[in-house]
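What follows is a set of notes on a single structure, which appears directly below.
The values are calculated or read from the model by the stated rules, or taken from the named source; none is laboratory data. What you see is a predicted model, and the numbers here were worked out from it, not measured in a lab. When we count neighbours, we look across all protein chains shown, and the Cβ atoms used for this are built from the backbone with ideal geometry, even at glycine. Each accessible area value is taken on the protein alone, full model and side chains, heavy atoms only, with ligands, DNA and RNA left out. Shrake-Rupley method; radii C 1.70, N 1.55, O 1.52, S 1.80 Å.
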Amino acid sequence: LIGNSFSVAPPPPDLTVSSLIGATAVLRSGIYTIGVEIQNQGKDSTTGAFQVTVYLTADSTMGNADDVRVGNVTVTEVMAPGDTQSLVVKGVVVPSDQPLGTYYWGVVVDAGEVEAELDETNNSGISGWTVSVEAAPPDLIVLTDPAGPTQVLQEGTYTVLVQIQDQSEGPAAGAFDVAVYLSADDVVGNEDDVKVGETRV
């Protein structure tokens, strides 16, 4: 007796993360590049485009509520059985409100699950080291125009008021000087400037 015909097909592709390289210290709102190597461990080729997505994760487990998506790249090339592909994920952005602390880089291959795979549970990878989200370094600016007398005498002693600001998230870690100059023009930093006072903050 002959029944219905059927075909014997190879097992589907099986996409995994074979390596992951990224910065070990990042700043809020900073833009970074992550290097990822992916591999098709399955017995058949991929069938179309799929997404590789980068996360910051607070633990060494992907797929739970602490994962924050920070970057993405699309793979359009077909991956044959055993193929590896090195990807550069550019424009990875740390959120401006990301809590300071220690995290891991995490990557998910085929994040949208468009590829039917032999194993759908092994698509993620975690960096083998931690990444520290740190406050931006201090950024000191002169907030208001200096205010002083409109007429002065040679050898006179005067007071100039100025308001400065640290417009970053990070504190100024040590002492610094605020200097006052007399300038013959409205450009600060050229050769006509004469330093006339200084105070330590």
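Details
- With the highest mean first, a sort of the peptides 1-11, 81-91, 20-30, 173-183 on other beta-carbon atoms found within 10 angstrom per residue produces 20-30, 81-91, 173-183, 1-11.
- Scattering from segment 159-201 was approximated by placing one identical point on each alpha carbon and applying the Debye formula without solvent; log10 I(q)/I(0) at 0.13, 0.32 1/Å stands at -0.39, -1.16.
- Across the chain, the relative contact order, built from alpha-carbon pairs under 8 Å that are at least six residues apart, equals 21 percent.
- Within the accessible area of segment 97-150, the carbon and sulfur atoms contribute 54%, probe 1.4 Å, all protein chains present.
- Rg over Rh, two decimals, the chain (C-alpha only, Kirkwood Rh): 1.33
- A simple charge model with +1 on the Cβ of Lys and Arg, -1 on the Cβ of Asp and Glu and nothing else charged puts the dipole of the chain at about 320 debye relative to its Cα centre.
- Stretchable slack from ASP193 to VAL180, in nm (0.36 nm times residue separation minus alpha-carbon distance): 3.7 nm
- In this view, the solvent-accessible surface of GLU37, computed with a 1.4 Å probe and all protein chains in place, comes to about 60 Å².
- Rg/Rh ratio calculated on Cα atoms of segment 125-173 (Kirkwood radius): 1.40
- R0 of 35 Å, Cβ-Cβ distance VAL93-ARG200: FRET efficiency to nearest 0.05: 0.40
- For segment 1-124, the per residue solvent-accessible surface stands at 53 Å², with DNA, RNA and ligands left out and a 1.4 Å probe.
- Taking 0.36 nm per residue of sequence separation and removing the Cα-Cα distance, the ASN64/LEU143 pair yields an extension gain of 24.1 nm.
- Computed FRET value (nearest 0.05) for GLU134 with ASP83, which takes r as the C-beta separation and R₀ as 22 Å: 0.05
- Sparse-neighbourhood loop sites, chymotrypsin sites (Phe, Trp or Tyr not before Pro) in segment 75-158 - DSSP loop, at most 13 other Cβ within 10 angstrom: TRP129, TYR158
- Residue-wise HN-Hα couplings along segment 91-98, as the Karplus relation 6.51 cos²θ - 1.76 cosθ + 1.60 with θ = phi - 60° gives them from phi, are x, 6, 10, 7, x, 5, 9, 5 Hz; Gly and Pro carry x.
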